[in-house]
1. Can you say whether residue 162 is of a type in the set (Val, Ile, Thr), modelled with pLDDT under 50 and either touching a His at 6+ places or on another chain (Cβ under 6 Å) or open to solvent by 70 Å² or more (accessible area, probe 1.4 Å) (or both), as far as the supplied structure shows?
2. Filter segment 135-171 for residues that are in a strand (DSSP E or B) and basic (Lys, Arg) and give the result.
3. Suppose we keep only residues that are of a type outside the set (A, V, I, L, M, F, W, C) and part of a helix (DSSP H, G or I) within segment 172-183. Which one would you say is least open to solvent (accessible area, probe 1.4 Å)?
4. Just one of the numbered conditions (1) touching a Lys or Arg at 6+ places or on another chain (Cβ under 6 Å); (2) closer than 18 Å to residue 171 by Cα is not true of residue 23; which one?
5. List pairs: first residue in segment 92-107 and hydrophobic (A, V, I, L, M, F, W, C), second residue open to solvent by 100 Å² or more (accessible area, probe 1.4 Å) anywhere in the structure, Cβ distance under 6 angstrom, at least six positions apart or on different chains.
Amino acid sequence: MNWNAPKPTSTFQLAPIGQHKAILYGLIDVGTQDTKNMKGEDVKQRQIYAQLELHGKNAPLIDGKPPVFSKRLTFSMHEKATLRAIIEAITNTTHSGNVYGDGIDILPAVGGACLLQLAESKKPDGSEGRKIQAVMPVDPDAPKPERVNPLRTFNLDAFDQTIFEGLPQYMRELIAKSPEYQALNGNAINAAQSEIAAGTPAAVTDAPFDDEIPF
């Protein structure tokens with residue numbers, strides 16, 4: 001008998017490559033995190049997860065549900081930011097002349113759909129990942145896919161313990177590292193940290209693209 005404990009078996013499946021109709025069902029604020037910019041320099045950036053549900057012939061159902069694609073992005077509405085591309089594609093708007101995205105509200109996009117082109121990528125550790133290759137509006141005359149996942153938003157500036165506890169383990173652990181989380185009421189922090197400690201960390205599976213976070 002080998003007395004080394006076996007590694008947990010992962011059931012995670014990478015999002016399928018190709019073009020999909022994607023519904024933005026979640027926006028999760030994970031606070032300010034240590035990361036690197038495009039020059040490889042250490043920086044601190046406010047980050048957000050965009051959670052998208054994939055539909056269409058290139059995204060077969062998994063256990064009767066559409067596959068999902070969760071992407072960690074810089075929380076920015078700069079004209080070159082991936083988050084802005086997603087929001088503008090869903091709302092079918094172009095904010096010409098607004099370089100930094102001043103005044104653009106991202107919440108109306110939650111529940112909306114866009115076309116998302118995913119391609120293969122390599123993560124820093126050499127493992128396979130997925131990157132966003134293109135984001136486009138859907139044809140307004142085309143039928144919209146039916147959403148399966150409940151809508152979900154989380155904002156650290158308006159901390160909601162119930163929503164926090166419903167997030168995946170790896171998101172909660174990441175949020176707990178942020179200065180915004182650390183500045184919260186001590187009771188909320190202690191309760192959340194106790195809940196985190198009781199769980200098992202999940203693997204992070206996202207891949208870098210443009211201002212997407214490489215990890």
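1. Here the answer is no, as residue 162 does not meet what is asked.
2. Scanning segment 135-171 gives a single hit, 152.
3. If we take residues in segment 172-183 being of a type outside the set (A, V, I, L, M, F, W, C) and part of a helix (DSSP H, G or I), then 181 is least open to solvent (accessible area, probe 1.4 Å).
4. With respect to (1) touching a Lys or Arg at 6+ places or on another chain (Cβ under 6 Å); (2) closer than 18 Å to residue 171 by Cα, residue 23 is out only on (2).
5. Pairs found: 99/79.
The values are calculated or read from the model by the stated rules, or taken from the named source; none is laboratory data. All of these numbers come straight from a predicted model, not from anything done at the bench. Backbone-built Cβ (ideal geometry, glycine too); neighbour counts: all protein chains shown. These accessible areas exclude ligands, DNA and RNA; they are computed on the full protein's heavy atoms, side chains included. Shrake-Rupley method; radii C 1.70, N 1.55, O 1.52, S 1.80 Å.
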